[in-house]
1. For region 227-247, check the following and say yes or no: at least one residue is assigned to a strand (DSSP E or B) and not hydrophobic (A, V, I, L, M, F, W, C).
2. Criterion first (within 27 Å of the chain's Cα centre (by Cα), outside any helix (DSSP H, G or I) and either modelled with pLDDT under 95 or closer than 15 Å to L221 by Cβ (or both)) does A64 satisfy it?
3. Please go through region 17-50 and pick out each residue that is closer than 18 Å to N246 by Cβ, in contact (Cβ under 8 Å) with a residue 60 or more places away in the chain and in contact with a Phe, Trp or Tyr (Cβ under 8 Å, 6 or more places away or on another chain).
4. Go through region 294-307 and give me each residue that's farther than 16 Å from F364 by Cα and crowded, with 16+ Cβ neighbours inside 10 Å.
5. Scanning for something closer than 25 Å to A254 by Cα, assigned by TED's automatic domain parsing to the domain that holds I135 and among the polar types (S, T, N, Q), does region 98-105 turn up at least one residue?
6. So, in region 85-106, exactly how many residues are over 18 Å from E228 (Cα atoms) and either among the aliphatic types (A, V, I, L, M) or buried (at least 24 other Cβ atoms within 10 Å of the Cβ) (or both)?
7. Of all residues in region 269-319, which are assigned to a loop (DSSP other than H, G, I, E, B), among the β-branched types (V, I, T) and under 21 Å from Q186 (Cα atoms)?
Amino acid sequence: MSDTPRSVYLDYAATTPVDPRVVDAMLPFFTERYGNPNSLYALGRDAYRGLEAARESFARNIGAADPGEVIFTGAGTEGDNAAVLGIARAGRARGKGDHVVVSSFEHHAILEPAHRLAKEGFEVTELRPREDGIIHPEDLRAVLRDTTVLVSVMHANNELGTVQPVKELAAATHEVGGYFHTDAIQALGKVAWDAVDLGVDAASFSAHKIYGPKGVGALYLKRGTPYEVYMIGGGQESKKRSGTQNVAGATAFAKALEIMLDERDTENPRLAALRDRVIDGVLLMPHTALNGARDVPRLPGTANLSINGVEGEAMLLKLDNLGIAVSTGSACSSGSLEPSHVLLSIGLPPEIAHGSLRVTVGRFTTDADVDYLLEVLPPIIAQLRAMSPVYAKMFGASA
């Protein structure tokens, strides 16, 4: 092994580098076509044409029935917040009811708005996935009511990578007259995605998960879905999201999605092979396990593993010292020493959840990157376990 650490990025679920082709698409809107798309003079009209071209491309590539069903936002979190709060409040105002269902392994961008709704008098049910990392339609049906106004279940879990049966979950929700939203931020561009076919009423997306820039997202809102406007002001985005639009960001997002779809058939098998190499390599070590069942639908690039007797933060820092970037859970909560709520939701005890390792590969990951991880990880684990009273208690000092 070389004395000079390599730089290996294996946290593509947290964020992705912006693809140079995406940069090229957005640059003119910073320097040449920089007008406000809401201005009436020529420079503004040109920017507006760019914005609407991005909207039409994005809508077409998510299977929306109409480009007007796409609302550009400032982040995936904004789309999640807007959908949960906006649909639930508007639905209750129409007399639908005040029962909301969210899965317990949602991103906090869903869970926190759900907690706010509970403070507003909504009854909120948090539905746990099974140990396989899946929300099963029959489990959802068991908690639905005639008063259920909104169900929100993410399409692909950001930590486990398990892909949920969104089409069936949406159909179950519609059986009681409720509306269905999915956080599709991790799924977009990686799995088949067609709004009409899936039957969802709303979905949230984020550009920086698919090699686009940070600070731009999108909300799909099916025409006719009740919605209380989340951001008010100048009435942009058909009065559904005020604020001067990020034309460069919207253009970049549309381009990033176009590239994902063009390359998915060749890229997904490559990523799945890299992912499986990671899983198989880690599982060669004793007292390790894959989180979520292996035989369920999964994102091609995501692996989440339990390494017993090891503190995830210590493992992450030692890997970082060797130039490897990975995660021990959701990057958005990496400042917390609490065990991952996702892993707790599938039944892992806290002492096991603390030792999780999430490895996510992406467009620029190579076989050599995986080789390097599997080379340096075993001695790190051995060192940490040797110092761990938890590991000695669980498996014996000589394990």
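The values are calculated or read from the model by the stated rules, or taken from the named source; none is laboratory data. Predicted, not measured: the structure shown is a model, and the values here were computed from it. As a convention, Cβ positions derive from the backbone with ideal geometry for all residues, glycine included, and neighbour counts pool all protein chains shown.
1. The answer is no; no qualifying residue exists.
2. yes
3. V18, D19, V22, P37, N38, A47, G50
4. Result: V296, R298, L299, A303, N304, L305, S306, I307.
5. Among the residues of region 98-105, not one is closer than 25 Å to A254 by Cα, assigned by TED's automatic domain parsing to the domain that holds I135 and among the polar types (S, T, N, Q), which makes the answer no.
6. Residues that pass the stated criteria total 5.
7. V296
Residue by residue, here is whether (1) farther than 19 Å from V166 by Cβ; (2) part of a helix (DSSP H, G or I) holds:
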residue: V23; (1), (2): yes, yes
residue: Y34; (1), (2): yes, no
residue: P37; (1), (2): yes, no
residue: G50; (1), (2): yes, yes
residue: S57; (1), (2): yes, yes
residue: R60; (1), (2): yes, yes
residue: E106; (1), (2): no, no
residue: A109; (1), (2): no, yes
residue: R116; (1), (2): yes, yes
